[in-house]
Amino acid sequence: MAGLISIRIAAPDDAPHITPLLEELGYVSTLREVKDRLEHASSDPQQAVFVAEAPDIAGWIQVVRVLTIENGFCCEIRGLVVARTRRHLGIGRKLVEESERWAMARRCGRIRVRTNIVRSGAQAFYANLGYSVSKTQRVFDKLLR
């Protein structure tokens, strides 16, 4: 199966396929919101969204190049979803590998991913790809009105 997977840059017209994948992780967004986000991402050279076609869209990943004063530039995987019915077929691996190539092309010597502590499957997936835990932290949010 891994050989039949193609990876390409996502387009705003992919929103109808990406929106239900978001819901698989518990993130509910409207089709318009996802299309708007894809339009924004596609116009920002500091980020990329890739989709995996096998042959239909079976997953997506977002990678962002970020600058911090303390560490300089690095890249972060901000989201990765593979359809539940298509997992364990190499799709996630191919998406991560494409993100790593994208990061290296932008002179990022490190790529980071954050995953919710309750997502043990995601933690095992990343560990299997050579990622290691570098720290544990809490995330604080504040809604701005």
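The values are calculated or read from the model by the stated rules, or taken from the named source; none is laboratory data. Note that the coordinates shown come from a computational prediction; the quantities given were computed from them, not determined experimentally. Here Cβ is always computed from backbone atoms with ideal geometry, including for glycine, and neighbour counts include all displayed protein chains. The accessibility values were calculated without ligands, DNA or RNA, using every heavy atom of the protein model including side chains. Shrake-Rupley method; radii C 1.70, N 1.55, O 1.52, S 1.80 Å.
Values as computed for the structure displayed
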{"read-out": "Computed log₁₀ I(q)/I(0) - Debye formula, equal Cα scatterers, no solvent, the chain, q 0.12, 0.13 Å⁻¹", "value": "-0.51, -0.60"}
{"read-out": "Solitary cysteines of the chain, where the nearest other Cys Cβ is not under 4.7 Å", "value": "Cys74"}
{"read-out": "Cα-centre dipole for the chain with unit charges at Cβ (Lys and Arg positive, Asp and Glu negative), debye to 20", "value": "560 debye"}
{"read-out": "Accessible area of the chain belonging to carbon and sulfur atoms, whole % at 1.4 Å probe", "value": "54 percent"}
{"read-out": "Centroid-to-centroid separation of segment 18-64 and segment 73-145 [C-alpha atoms, Å]", "value": "14 Å"}
{"read-out": "Set of lysines with alpha-carbon distance to Lys35 below 30 Å, sequence-local pairs under 8 removed", "value": "Lys94, Lys142"}
{"read-out": "For the chain, calculated [θ]222 nm from helices alone, where every DSSP H run of n ≥ 4 adds -39500 (n - 2.57)", "value": "-9500 deg cm²/dmol"}
{"read-out": "Rg(Cα)/(2.2 N^0.38 Å) for segment 74-130, N = residue count", "value": "1.14"}
{"read-out": "Per-peptide average of other Cβ atoms within 10 Å, ordering 116-126, 47-57 highest first", "value": "47-57, 116-126"}
